[in-house]
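Just so you know, all these numbers are worked out from the coordinates, no wet-lab data involved. In this text, all values refer to a predicted model and were calculated from it rather than measured experimentally. Here the Cβ positions follow ideal geometry from the backbone for every residue, glycine too, while neighbour counts run over all protein chains shown.
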Amino acid sequence: MPESFKKLEKATDSLEQIFSTEEKIKNAARKVFMQKGFSATRTRDIAEEAGINLALLNYYFRSKEKLFELVMMDCMQEFISGLKIILNQEGKTIEQLLEDLVTHYYELFRSQPDLPIFILSEMRSNPKRLEGNLGIKESLSKSYFFKILKARTPNKINPFHFFMNIVSLTVFPFVAAPMLKQISGTNQEQYDKLLKERIKLVPQWIGLMLNSEIAIS
């Protein structure tokens, strides 16, 4: 094999190793940050979870803050990207869009149960990061969903009330799962069945709200 090809092969292997190590660190950081939160997490915890030494972690990511920023932005992109796509499916009814939305978050939060609390905690402590980097306000206000929502909104009621209800009905059962399971006396399998039933129920409930004649005097 020519020397030039050997050098290229070596450089390629080196890049793959760099990307592999960075991804391993980010995955470990995501897991630890979600379990402990930013303040309680030490870089040593992340290094141990990733199976590397602390010096190597510091080589790739110079600070815990920088690593947290990357993890949080990945989580927020994951949280928001589905919302943008679903709410701009033209030609569908509000009920159909809501069913798609509830299905999406049911599957996302079921596979990552710590994600909603992690996201909401960060949104509470630093809401400007969400708006500044992801443009959620503009994306929502200009979406197809918000357009037809305004058309269906009862007289004098701000359509954002309905959006808040949608978020509450979709996200809260996952955030409050430990408490709700205890109150209802259900195990995880039974509670998951209840959550799955909400894929059909939430759009119906929102539809009933939209069709009501309630108005603010």
Expected unfolding gain across K36-Q77 under the 0.36 nm per residue rule, minus the alpha-carbon gap, is 12.7 nm
Per-pair calculated FRET efficiency, R0 = 25 Å: T103 and F163 via Cβ, rounded to 0.05: 0.90
Quick check: pseudo-label points 7 Å beyond the Cα along Cα→Cβ at K196 and T21, how many nm apart are they? 4.4 nm
Pairwise FRET efficiency - E138 versus Q96, Cβ, R0 = 22 Å, nearest 0.05: 0.40
Using only Cα atoms, what Kirkwood radius does region 26-66 have, in angstroms? 9.9 Å
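In the neighborhood of K36, defined by Cβ-to-Cβ distances under 11 Å, what is the net charge if each Lys or Arg adds +1 and each Asp or Glu adds -1?
On the way: positive: K31, R42; negative: D45, E49, D114.
Local net charge: -1.
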